1. Can you tell me which residues in the stretch B:111-166 are assigned to a loop (DSSP other than H, G, I, E, B), farther than 18 Å from residue B:51 by Cβ and touching a Pro at 6+ places or on another chain (Cβ under 7 Å)?
2. Exactly one condition in (1) free of Cβ contacts under 8 Å to residues at least 40 places away in the same chain; (2) more than 21 Å from residue C:28 (Cβ to Cβ) is not met by residue C:162; state its number.
3. Mind listing whichever residues of the stretch A:218-249 are more than 18 Å from residue A:353 (Cβ to Cβ) and more than 14 Å from chain B (Cβ to nearest Cβ)?
4. Do the conditions hold for residue A:201, that is, is it outside the structural domain of residue A:407 (by TED's automatic domain parsing), modelled with pLDDT under 90 and either under 20 Å from residue A:380 (Cα atoms) or small (Gly, Ala, Ser) (or both)?
5. Could you please give the count of residues in the stretch B:226-245 that are among the acidic types (Asp, Glu) and assigned to a strand (DSSP E or B)?
6. Please go through the stretch C:178-208 and pick out each residue that is in a helix (DSSP H, G or I), free of Cβ contacts under 8 Å to residues at least 60 places away in the same chain and over 11 Å from the mean Cα position of the chain (by Cα).
7. For the stretch B:167-225, what are the residues that are within 14 Å of chain C (Cβ to nearest Cβ), assigned to a helix (DSSP H, G or I) and surrounded by 20 or more Cβ atoms within 10 Å (Cβ to Cβ)?
8. On the given criteria, is residue B:61 over 30 Å from residue B:187 (Cβ atoms), surrounded by fewer than 20 Cβ atoms within 10 Å (Cβ to Cβ) and basic (Lys, Arg)?
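The values are calculated or read from the model by the stated rules, or taken from the named source; none is laboratory data. On a predicted model such as this, the values are computed, not experimentally measured, just so you know. Cβ placement follows ideal geometry from the backbone for every residue including glycine, while neighbour counts extend to all protein chains displayed.
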Amino acid sequence: MTDIQNQTNKAGWPTNGANKILAKRHRTERNFRRLGLTAILIAMALLATLLVSIVGKGYSAFIQTTITLDINFEQEILDPKDTRSPETLKAASYGSVIRNALRTEFPEVKSRIELRRLFGLISKGAVQELRNAVLANPKLIGTTRAFELTASDDVDMFIKGYISRDVVEQDRRIKNNEIVWIDRLQNQNAIQTRFNTRFFTGGDSREPEVAGILGAMVGSLYTLFITFIISFPIGVMSAIYLEEFAPKNKLTDVIEVNINNLAAVPSIVFGLLGVALFLNVAHLPRSAPLVGGLTLALMTLPTIIIAARASIRAVPGSIRNAALGLGASKQQAVFHHVLPLSLPGILTGTIIGLSQALGETAPLLMIGMVAFIVDIPGGVTDPATVLPVQIFLWADSPERAFVEKTSGAIMVLLSFLVFMNAAAVLLRKKFEQRW
Amino acid sequence: MEPIISAKNVSVYYGKKQALKGVNLDIPENQITALIGPSGCGKSTFLRCLNRMNDTIEGCRVEGDIIVDGKDIYDPQIDEVYLRARVGMVFQKPNPFPKSIYDNVAYAPRIHGLARNKDELDNMVLASLEKAGLLAEVQDRLHEIGTSLSGGQQQRLCIARALAAQPDIILMDEPCSALDPIATAKVEELIEELRASYTIIIVTHSMQQAARISQQTAFFHLGEIVEVGKTEQVFTSPQDSRTQGYITGRFG
Amino acid sequence: MGKTGHIVSSFDNDLLEIRNAIIKMGGLAEVQLKSATQALVDRNTELARQTIEADMEVDELEKTIDTMAVRLLALRHPVADDLRLVISALKIVSLLERVADYAANLAKRVVALNNAANLPMVGTIPRMSELVCHMIGDTLTAYSQNDDYLALEVWRRDHAVDQLYNSVFRELLTYMMEDPRSITSCTHLMFIAKNIERIGDHMTNISEIIIYQVTGLAPIEPRPKGDETSTIMIENEIIKSEYAEGE
């Protein structure tokens, strides 16, 4: 003992040689930190580029151009028999009213082609707007009112500056005379830009200016609901059984490996399975959130099982021992103590699994949720589409105005994902137990 | 006096490894028996045999007879859930449930249906806390979470929780190893008080603790009991040189 | 002490220090007794004075060992044989201190006796002292070697000392009866003999402690009792013998 102590060389303060080694060590450490910082910066820059480009393209989707016209709600056209019955009012030709208003506004336009162009300033969806206004207030009939009508997508694009005046006329969607009319309307202060509520309240449409994402949102909601009620209980129960009750043997090892493998299976495969199982065998309705939800549940299950098992395993054995030591049965120990304690973790995993499902497209394409559906689905068996598929559809559409719609829908989808992930983080922060 | 627990030729295997080799030990009623010995000597294993907590470990096999209060507890007719209510256990690390103090203590009466109504349950909880000497400290905050207490209080809460199951025997697996000396002293004081109504078996790494609180001491080494006897005798003039060497700090 | 040392080796050092201090103290006490006896035989007042002064050293050593033992109890919490060793050390130290005191007392009486013109020389006293010195030596050997057999042997030897003391007692009484002028000297000698006998008793005590320390048990035999002086009435015996002669 004392020999060893006597042999020990005391290091003392660093000599020159030691200083060199120290300097090298510090240098490597600084370099490593710089490297890490650079990586973070690059990642942030890429992310920022993505966000900036989406927001830059998409923010205008939330703005809609409208044109104010003096509309004469002529009794002759709308309700010649003066019945005021809803059927008559619904069937009336509001298009004529709009056309008349435009003719009155621009009396100089006479030629057929020019008139078509002129009528084209107003969106086809404006008819619906007028109809709703008259149905809500039949007293409008017989009066003349200034009325804001949705402009067509080309006008919208022009006002937002996506169509330039400098382009040669043939390559321009807005022709010269249309520009003259728009300028005149602008001088009369008849062109406004408004917040685009229809984007959030309407279903899909061939007309970009009236296309909305509510249908897709509701579809996503139904699909996720089905996914949740199928995958959550099954996932949690399997996790509990595997963690707490199953014997540790070859069979459970195989099951465990397979669950981990399933989590890595490409989602398109789940889509094919969905087609085979739910459509061809069970004959469930195509394009329905029910089938989409079931398919996504297949995909989400492994994620939930893995998350749930990890969070059950994170509950310290001392809690199980405490319960068992007091004479609780195994099941009581699990359901009274382990499950409540692991629930925040399980829910976090579930939310992350669901947000994955929310962003999933491929398997839904397989089961036909890619159809063009105007109506907002009223139940899980109605045909529907979902947000990412809607984005896919719009991105595929030729109209210029769908570009901003696509980005707008992406923003909506992203904000849902951010919201869900934030919920998961909050849940974890709030209920996390420190042992 | 007839011993309340009598272990006869008890062997325990974890898979192929033998952890206890034919242990014989009689534990007298209303006394504190300390099990001491170096780590891995089988003392905790033996303790966990007494309430069949070893059943929860996979691959664990127990041979021999353990008679508690006249019945062989490894008899298939004995329900281990009921046994564990009669033979309570307190663990090394204080492990209150992350629930209110009240719910912690009320847990055992609830699952065993010991209380017929809310008043009875209240009384049981208060009585158990009182017995554990914790009532005065927590009376005003019964509905605070149990893990908000200090380490020593948490351990006494765990003892109160075990007492609420109305046991006859309490097993303690190094109950003070995570506590500071003052908290340890309070727990030891409590253990001595409990001796009047309970039989206590305590595994401890602190020889001083065994000497201070126990009446009987058993020294385990390599899965066997080397020496068992009155504590004062074991600590003043042990008969076996291994016991001597261990308690004086010469090996282990 | 066990065959192997403690895991904490400084514990061993502390115990060893106490043992060595006790052996040193025992040695000092032995020397005290020897030199006091020597002073008595040689009527050497100077040696007697030195012996009295040397008692201080023994007292100092007692205090040191007490402190060491208390410190060890407080810091190391000894158990089993370690505990027995420390407790024994405390007891042995106080006994050895008494032994040294007796030797100093003996030396004081030597100084007083040297003032007397002539002395009834009792040869039994040096012999008794020699026997007791051997006992001290053997006790220390038994202590240093944890030899409980030797300790038991010393323990039994006290009987011989007691018997010698009985004869010294009778011898001195006879002197006093024959020559009343020698009463002062003889009384001193009587006390000297008593002191030596007490030292022997203390060696018996220490032997018992050593046996307990080594085995954890007290000696099972009844303690040897050889001191009969508390019951002796020599006048009666003389009358008896005269009566017998007369018959």
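1. B:115
2. With respect to (1) free of Cβ contacts under 8 Å to residues at least 40 places away in the same chain; (2) more than 21 Å from residue C:28 (Cβ to Cβ), residue C:162 is out only on (1).
3. A:218, A:219, A:241
4. Yes, satisfied.
5. Counting residues in the stretch B:226-245 that are among the acidic types (Asp, Glu) and assigned to a strand (DSSP E or B) gives 1.
6. C:178, C:180, C:181, C:183, C:187, C:190, C:208
7. B:207, B:209, B:210, B:211
8. Values: over 30 Å from residue B:187 (Cβ atoms): yes; surrounded by fewer than 20 Cβ atoms within 10 Å (Cβ to Cβ): yes; basic (Lys, Arg): yes.
So residue B:61 fits the description; yes.
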